[in-house]
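To start, the structure under review is shown below, and the notes come after it.
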């Protein structure tokens, strides 16, 4: 598993480096929209035909007029070269670095300015069921990253009947104890092939958002259909990117919130 694509957004002056693979096996992962790969750990869509070397990535990034560099996945922290590329971005390019989305498994990291952490559950049993891992490392890492001064935001997928209001409120309470102003995004479940989980209704989304807002003021929510998720570039110019190195994009993106902040 390694980095396989670099894209560039000229208007907003950022580049994104993409990794393939993940340490979790969440059954409702929206990357499964790409292929319906079921629940196989770390394999939510077909493997790239070619992976980029560190030098290829550095060479490309040196040519781009960017202010920020994002790393995404899958899970970007599984890439062995991530620490070296973060150091390169900070020390040579002088740009801000952010994990556009991460499960938090390796936070904090040197030379990392910001991270958008996707929490999966609050209860230990459900977290293990969904990811195959204990929640303690993720929540402890988030606290350590906060103490290290990394700018953090958080999100959780609202899955009616599974990751429900109790899970969202548990996470919101944890975040509020650190800082009530941590941005929190409630992402309505996007139905993926081969899984039974449904999209929340508008009324359900409003109810959970209002409940979470009693604990955290900076809360927003989204309720995307599969079609919406696959055509984000038509809805948000942050997803209007050009491939600079690696394989072409099959579509705009399936990850909302990755380029915010």
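Some points to look at:
- Look at (1) surrounded by fewer than 21 Cβ atoms within 10 Å (Cβ to Cβ); (2) in a helix (DSSP H, G or I); (3) touching a helix residue (DSSP H, G or I) at 6+ places or on another chain (Cβ under 9 Å) and you find that residue 128 fails only one, number (3).
- Applying the set (1) farther than 29 Å from residue 205 by Cβ; (2) modelled with pLDDT under 95 to residue 111 leaves exactly one unmet item: (2).
- Exclusive hit being in contact with a strand residue (DSSP E or B) (Cβ under 7 Å, 6 or more places away or on another chain) and farther than 25 Å from residue 246 by Cβ, set 114, 121: 121
- Any chance residue 102 is within 18 Å of the chain's Cα centre (by Cα) and either over 23 Å from residue 222 (Cα atoms) or buried (at least 17 other Cβ atoms within 10 Å of the Cβ) (or both): yes
- Total residues in segment 233-247, condition modelled with pLDDT under 85 and within 18 Å of residue 13 (Cα to Cα): 6
- Per-region count, segment 131-143, residues modelled with pLDDT under 95 and either surrounded by 13 or more Cβ atoms within 10 Å (Cβ to Cβ) or within 19 Å of residue 185 (Cα to Cα) (or both): 3
- Residues (more than 13 Å from residue 104 (Cα to Cα) and under 17 Å from the mean Cα position of the chain (by Cα)) located in segment 128-150: 130
- Meets criteria (modelled with pLDDT of 95 or more, farther than 26 Å from residue 226 by Cβ, surrounded by fewer than 16 Cβ atoms within 10 Å (Cβ to Cβ) and within 18 Å of the chain's Cα centre (by Cα)) for residue 65: no
- Options 250, 191, 200, 196: the member that is at pLDDT 95 or above, assigned to a loop (DSSP other than H, G, I, E, B) and more than 17 Å from residue 10 (Cα to Cα): 200
- Members of segment 68-98 that are surrounded by fewer than 20 Cβ atoms within 10 Å (Cβ to Cβ) and assigned to a strand (DSSP E or B): 96
- Residues in segment 144-153 that are in a helix (DSSP H, G or I) and crowded, with 16+ Cβ neighbours inside 10 Å: 2 in all.
- Residue match in segment 194-209 (condition: within 30 Å of residue 110 (Cβ to Cβ) and in contact with a strand residue (DSSP E or B) (Cβ under 8 Å, 6 or more places away or on another chain)): no
- Qualifying residue in segment 33-51 (condition: modelled with pLDDT of 95 or more, surrounded by 15 or more Cβ atoms within 10 Å (Cβ to Cβ) and within 19 Å of residue 105 (Cα to Cα)): no
- Only one of the numbered conditions (1) under 30 Å from residue 58 (Cα atoms); (2) without any contact (Cβ under 8 Å) to a residue 24 or more places away in the chain is not met by residue 128, and that is (1).
The values are calculated or read from the model by the stated rules, or taken from the named source; none is laboratory data. Because the structure is a prediction, the values reported are computed rather than measured. For neighbour counting, all protein chains shown are included, and Cβ atoms are generated from backbone atoms with ideal geometry for every residue, glycine included.
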